[in-house]
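Undergrad: The structure's right below; bear with me while I get my questions together.
The values are calculated or read from the model by the stated rules, or taken from the named source; none is laboratory data. Just so it is clear, the structure is predicted and the values come from calculations on it, not from any experiment. Glycine also receives a Cβ, built like all others from the backbone with ideal geometry; neighbour counts cover every protein chain displayed.
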Amino acid sequence: MTDVLAERTEIDAQIAGRNIAYAFADTVARLGDAPAYSDKVGIEGAGWRTLSWNQLRDQALDVSAALIELGVEPGDRIAIMATNRIEHILADIGAMHAGATGMSIYNTLSPSQVAYVAEHSTPAVVILENADHVARWSEVAPSSVKKLVVIDPTAAPPGAITWDDLVKLGASVRAERQAEIDRRWQGISLDDPATILYTSGTTGNPKGVVITHHNVMFEVASTDITVGASKDEELVTVSYLPYAHIAERVLGIYLPQMMGAHLHLIADPAQLVGALGEVKPTRFFGVPRVWEKIQTGINGLLAMETDEAKKEAIAGAMAVGLEYVTSLEYGNTTSPELQARFDAVNAAVLTPMKSMLGLERVGWAGSASAPMPLETTRFFAGLGFSIYDIYGMTETCGAVTACGPGAFRMGTVGRAQPGLEVTLAPDGEILARGPVTTSGYHQNPEATAALIDADGWVHTGDIGEIDEDGFVKVVDRKKELIITSAGKNIAPSNIENMLKESPLVGHALAYGEGKPYVVAILTLDPDIAPVIAGKLGLEDTALASLAENPAILGIVGQAVEKANDRLSRPEQVKKWKLLPVEWTAESAELTPTLKLKRRVVHTNYADEIERLYND
């Protein structure tokens, strides 16, 4: 405890009297004309449009001047619904320098959900990207909104102004507004909100999590210690997850502003793989589903390899890679002999494999948002990657525990970050405490009281374990544990991750609450299933047809059996159903970061689940 308090005191001393805008100004002064953000919006061919750090701040201040001209006051909210593009970053930084609070809203929210968020947060200005976003805001009419800004000029409804006109307005008045802009950003305290993020909960209305400048600055400083980055490290990365998600907001907006980096913004996550080949990032963060998709793609390429000698060489190299990464785990030591063997296969085999994905320069790879399947972690270890699992939530401004180069253990989410505390409640719930804790839910004191107890512990809602070295393992969500009719407690995510190890299986849901045994609802992977179908000589590769094809059902059945062989008897899947559809964020079964909305699936497929018990 003494060490934690000492770490906390040291970090707080570093950020005292500052805010994110001060840190941003320092970064701009240090990096100047170096590239800051790039995107491909409106660019023909393979080019990127790029803003330097000087250009980024200059244009953001134009936005600030325009917002002030429109009547935005300190403490007002600025709602932003847009993909990952430079205007999204400018809007957020511009709002901050006007003393306002930028709020990124999930692009997939329905009109009724958007209306709730708008009525609850009362934004002064709303910034939307396109006609789809305008339609999603069609039910919104809060009196707080002073102006609607639309980035796509063809989508601006009557009464709105375009983004270009907003920037022109700011440029025309900035000279006379500059003193007010400076007063506002310099006057932001550490306790002021940096953002409010509305959680994409599976039930009920979303809650607005208030994230303060103190939360952000402590989180970035603490994470930097865990990562152990060199000040000379070239930070090049991609940003493709929604900015309404805390991980991308920290990694894609706040960390670059405070530490400096070159971010490449990917508006459509489907373009991620191609962008990796162009960007060749030095750091890469992916939610587990992204890592699983990359793994599936590599396995697909390996399966098509016909040269048996080459396949054996790859398998041998990956075995050395796994042995090497395992030797780096906490408490282990890499021998000179193993280091030499790894260096040889890494140069000859593994680096060329990683270069096909654009990942050959990655020095730090992270995962969070959902449990990372151990087999996926081990697969990438075979490529020489240590994927550092991270654990946290929106309410803790992201990471409270993390693996890092100095201490990691596969199958865990690491140890408490510097200055933070993690413990277990008597029932096994993970509790966290420290300066990253939200100041509360916006206008929801009852929910805040339920989240944070009198001693300052955040009740995460996750069940976990902590080993003798302090490494945390997340078992499952407290409310999602299955209790069968025999009284057995079962973690569904463990079963689901094993089922998804099959390249054919896109998503899986295990069910068994109050039932005598566990059943599963499965979907096909929309990218891999047609490929496998083609290899089987099947002409109709539509998911609906494949879900009924005996050959495909046979392969999926084998995957279920393989998972069952590794599960205890109460956990084993006795019956399953392969659905003829794909689950996406738009179809409501997944969150925008591809986590399973368990209750939505329970509701949408109640009949299918019941038939598995009755047939």
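Undergrad: Could you pull out the residue among Met81, Met96 that is under 21 Å from the mean Cα position of the chain (by Cα) and either outside the structural domain of Lys597 (by TED's automatic domain parsing) or among the hydroxyl-bearing types (Ser, Thr, Tyr) (or both)?
TA: Of Met81, Met96, the one residue that is under 21 Å from the mean Cα position of the chain (by Cα) and either outside the structural domain of Lys597 (by TED's automatic domain parsing) or among the hydroxyl-bearing types (Ser, Thr, Tyr) (or both) is Met81.
Undergrad: Now, a different point. In the stretch 423-436, which residues are more than 16 Å from Val413 (Cα to Cα) and in contact with a Ser or Thr (Cβ under 6 Å, 6 or more places away or on another chain)?
TA: Val436
Each row is one residue, and each column tells you yes or no for (1) among the charged types (D, E, K, R); (2) more than 20 Å from Gln417 (Cα to Cα); (3) free of Cβ contacts under 8 Å to residues at least 12 places away in the same chain.
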site: Ser172; (1), (2), (3): no, yes, yes
site: Asp192; (1), (2), (3): yes, yes, no
site: Thr223; (1), (2), (3): no, no, no
site: Ile253; (1), (2), (3): no, yes, no
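Undergrad: Return the residues of the stretch 466-498 that are buried (at least 19 other Cβ atoms within 10 Å of the Cβ), of a type in the set (Val, Ile, Thr) and more than 21 Å from the chain's Cα centre (by Cα); say none if nothing qualifies.
TA: Ile482, Ile490, Ile495
Undergrad: Applying the selection to the stretch 570-582, what residues are within 13 Å of Gly512 (Cβ to Cβ) and either free of Cβ contacts under 8 Å to residues at least 12 places away in the same chain or not in a helix (DSSP H, G or I) (or both)?
TA: Gln572, Val573, Lys574, Lys575, Trp576
Undergrad: Would you mind stating whether Val150 is without any contact (Cβ under 8 Å) to a residue 40 or more places away in the chain and assigned by TED's automatic domain parsing to the domain that holds Leu90?
TA: Against the criterion (without any contact (Cβ under 8 Å) to a residue 40 or more places away in the chain and assigned by TED's automatic domain parsing to the domain that holds Leu90), Val150 qualifies.
Undergrad: Any residue in the stretch 554-569 that is part of a loop (DSSP other than H, G, I, E, B) sitting within a Cβ distance under 9 Å of a residue that is surrounded by 13 or more Cβ atoms within 10 Å (Cβ to Cβ)? List the pairs, counting only those 6 or more apart or interchain.
TA: Listed pairs, sorted by first residue: Arg566/Met498; Leu567/Asn494; Leu567/Ile495; Leu567/Met498; Leu567/Val518; Leu567/Val573; Ser568/Lys488; Ser568/Ile490.
Undergrad: Now for a different question. Does any residue of the stretch 138-147 turn out to be out of contact with any Pro (no Cβ under 9 Å at 6 or more places or on another chain), buried (at least 21 other Cβ atoms within 10 Å of the Cβ) and basic (Lys, Arg)?
TA: No: zero hits.
Undergrad: Scanning for something modelled with pLDDT of 95 or more and either under 21 Å from Gln14 (Cβ atoms) or surrounded by fewer than 16 Cβ atoms within 10 Å (Cβ to Cβ) (or both), does the stretch 458-465 turn up at least one residue?
TA: yes
Undergrad: I'd like to verify a number: residues in the stretch 269-291 that are farther than 16 Å from Leu235 by Cβ and assigned to a loop (DSSP other than H, G, I, E, B), how many?
TA: Final tally of qualifying residues: 2.
Undergrad: State whether the residues of the stretch 534-554 include one that is within 20 Å of Tyr605 (Cβ to Cβ), surrounded by fewer than 18 Cβ atoms within 10 Å (Cβ to Cβ) and of a type in the set (Lys, Arg).
TA: no
Undergrad: Now for a separate question. Restricting to the stretch 57-113, count the residues that are in contact with a helix residue (DSSP H, G or I) (Cβ under 8 Å, 6 or more places away or on another chain), under 19 Å from His245 (Cβ atoms) and basic (Lys, Arg).
TA: Final tally of qualifying residues: 1.
Undergrad: Filter the stretch 457-504 for residues that are part of a loop (DSSP other than H, G, I, E, B) and of a type outside the set (A, V, I, L, M, F, W, C) and give the result.
TA: Listed by number, the residues that qualify are Asp467, Glu468, Asp469, Gly470, Thr484, Ser485, Gly487, Lys488, Lys500, Glu501, Ser502, Pro503.
Undergrad: If you scan the stretch 583-614, which residues turn out to be surrounded by fewer than 16 Cβ atoms within 10 Å (Cβ to Cβ) and in contact (Cβ under 8 Å) with a residue 24 or more places away in the chain?
TA: Glu586, Arg599, His602, Glu608, Arg611, Tyr613
Undergrad: Could you give me the residue pairs with C-beta distances under 6 Å whose first residue belongs to the stretch 308-334 and is within 18 Å of Ile387 (Cα to Cα), whose second residue is basic (Lys, Arg) and assigned to a loop (DSSP other than H, G, I, E, B) wherever it lies, and which are 6+ apart or on separate chains?
TA: From the stretch 308-334, the pairs are Glu329/Arg409; Tyr330/Arg409.
Undergrad: Quick one: which of Leu350, Leu338, Leu420, Leu431 is within 30 Å of His459 (Cα to Cα), outside the structural domain of Lys500 (by TED's automatic domain parsing) and without any contact (Cβ under 8 Å) to a residue 60 or more places away in the chain?
TA: Checking each option against the conditions leaves just Leu431.
Undergrad: Of all residues in the stretch 341-384, how many are in contact with a Phe, Trp or Tyr (Cβ under 9 Å, 6 or more places away or on another chain), under 21 Å from Glu312 (Cα atoms) and in a loop (DSSP other than H, G, I, E, B)?
TA: Adding up the residues that qualify gives 1.
Undergrad: Criterion first (at pLDDT 95 or above and in contact with a helix residue (DSSP H, G or I) (Cβ under 7 Å, 6 or more places away or on another chain)) does Ile521 satisfy it?
TA: yes
Undergrad: Would you say Pro570 is over 27 Å from Val287 (Cβ atoms), surrounded by 15 or more Cβ atoms within 10 Å (Cβ to Cβ) and at pLDDT below 90?
TA: Considered against the rule, which asks whether it is over 27 Å from Val287 (Cβ atoms), surrounded by 15 or more Cβ atoms within 10 Å (Cβ to Cβ) and at pLDDT below 90, Pro570 comes out as yes.
Undergrad: Okay, moving on. Consider only pairs whose beta carbons are under 7 Å apart and that are at least six residues apart or on different chains; among these, list those whose first residue lies in the stretch 126-142 and is closer than 18 Å to Arg77 by Cα and among the charged types (D, E, K, R) and whose second residue is surrounded by 14 or more Cβ atoms within 10 Å (Cβ to Cβ) and modelled with pLDDT of 95 or more.
TA: Close Cβ pairs (under 7 Å, with a partner that is surrounded by 14 or more Cβ atoms within 10 Å (Cβ to Cβ) and modelled with pLDDT of 95 or more) amount to Glu129/Met81; Glu129/Ala82; Glu129/Thr83; Glu129/Ile151; Glu129/Asp152.
Undergrad: While we're here: Regarding the stretch 62-83, can at least one residue be identified that is buried (at least 20 other Cβ atoms within 10 Å of the Cβ) and without any contact (Cβ under 8 Å) to a residue 40 or more places away in the chain?
TA: No, there is no match, as no residue in the stretch 62-83 is buried (at least 20 other Cβ atoms within 10 Å of the Cβ) and without any contact (Cβ under 8 Å) to a residue 40 or more places away in the chain.
Undergrad: Criterion first (at pLDDT below 85 and either more than 17 Å from Ala491 (Cβ to Cβ) or among the polar types (S, T, N, Q) (or both)) does Thr593 satisfy it?
TA: Yes, satisfied.
Undergrad: Restricting attention to the stretch 22-38, does a residue exist that is of a type in the set (Asp, Glu), in contact (Cβ under 8 Å) with a residue 60 or more places away in the chain and more than 30 Å from Arg433 (Cβ to Cβ)?
TA: Within the stretch 22-38 (the criterion being of a type in the set (Asp, Glu), in contact (Cβ under 8 Å) with a residue 60 or more places away in the chain and more than 30 Å from Arg433 (Cβ to Cβ)), the answer is no, since none of the residues qualifies.
Undergrad: Could you check Gly94 against (1) surrounded by 23 or more Cβ atoms within 10 Å (Cβ to Cβ); (2) at pLDDT below 95; (3) not charged (D, E, K, R) and say which number it fails?
TA: Every listed condition holds for Gly94 apart from (2).
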